[in-house]
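Colleague: Dropping the structure in here first, questions after.
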Amino acid sequence: MSEQQAVQPTTNTRTLTGRVTSNKMQKTVTVLVERKVRHPVYGKYVVQSKKYHAHTEDSFNEGDVVEIQEGKPVSRTKSWYVTRLLTAAKVV
C-alpha cells in the first residue's frame, strides 16, 4: 500500500465542430454549430444551431469547417479558440 500512483490531470475543455459564417472581425471568426436533438414528444430529430465567437490568429474563409475549444475568456463574447481547420471551403 506504500506505492504512489501517478494521477493524470484531466482537462474538461469542450470541443465543438462548426462552420465559419463570418470573418469580418480582426482575430475573430463567428462559428455556427449545428446539432440534432430528438423532440421529446414527437420523436422527430430537430436541428438546433448556435453561434460562437472564436479567437484566432490565422485567417479563415467563410464556409470553412473548423474545430473550436473552450478556454479562458478573451473578451465579453469570446471564450472559444479555433484549434484546427477540418475542411476548407470550396471556391466557386
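None of the figures in this text is laboratory data; all of them are computed from the coordinates on show. Predicted, not measured: the structure shown is a model, and the values here were computed from it. All Cβ positions, glycine included, derive from the backbone under ideal geometry; neighbour counts span all protein chains shown.
Colleague: Any idea how many residues of the stretch 16-32 are within 16 Å of Arg84 (Cβ to Cβ) and either without any contact (Cβ under 8 Å) to a residue 24 or more places away in the chain or among the basic types (Lys, Arg) (or both)?
Modeller: 1
Colleague: Any residue in the stretch 45-65 that is within 13 Å of Gly18 (Cα to Cα) and touching a residue at least 40 places away in the same chain (Cβ under 8 Å) sitting within a Cβ distance under 8 Å of a residue that is of a type in the set (D, E, K, R) and not in a strand (DSSP E or B)? List the pairs, counting only those 6 or more apart or interchain.
Modeller: Gly63/Lys90
Colleague: Which of the residues belonging to the stretch 70-88 are part of a strand (DSSP E or B), touching a residue at least 40 places away in the same chain (Cβ under 8 Å) and within 11 Å of the chain's Cα centre (by Cα)?
Modeller: Glu70, Trp80, Val82, Thr83
Colleague: Which members of the stretch 77-88 meet the condition of being more than 13 Å from Thr17 (Cβ to Cβ) and surrounded by 15 or more Cβ atoms within 10 Å (Cβ to Cβ)?
Modeller: Scanning the stretch 77-88 gives Lys78, Ser79, Tyr81.
Colleague: Can you tell me which of (1) polar (S, T, N, Q); (2) surrounded by fewer than 11 Cβ atoms within 10 Å (Cβ to Cβ); (3) over 19 Å from Ser75 (Cα atoms) is the one Gln26 doesn't meet?
Modeller: That leaves (3) as the condition not met.
Colleague: Taking the stretch 60-69 as the region of interest, how many residues are assigned to a loop (DSSP other than H, G, I, E, B) and not hydrophobic (A, V, I, L, M, F, W, C)?
Modeller: 4
For (1) surrounded by 10 or more Cβ atoms within 10 Å (Cβ to Cβ); (2) hydrophobic (A, V, I, L, M, F, W, C), each residue gets a yes or a no:
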| site | (1), (2) |
| --- | --- |
| Lys51 | yes, no |
| Ser59 | no, no |
| Val66 | yes, yes |
| Ser75 | no, no |
| Lys90 | no, no |
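Colleague: Separate question: Please go through the stretch 29-57 and give me each residue that is small (Gly, Ala, Ser) and farther than 14 Å from Val74 by Cβ, ordered by number.
Modeller: Selection gives Gly43, Ser49.
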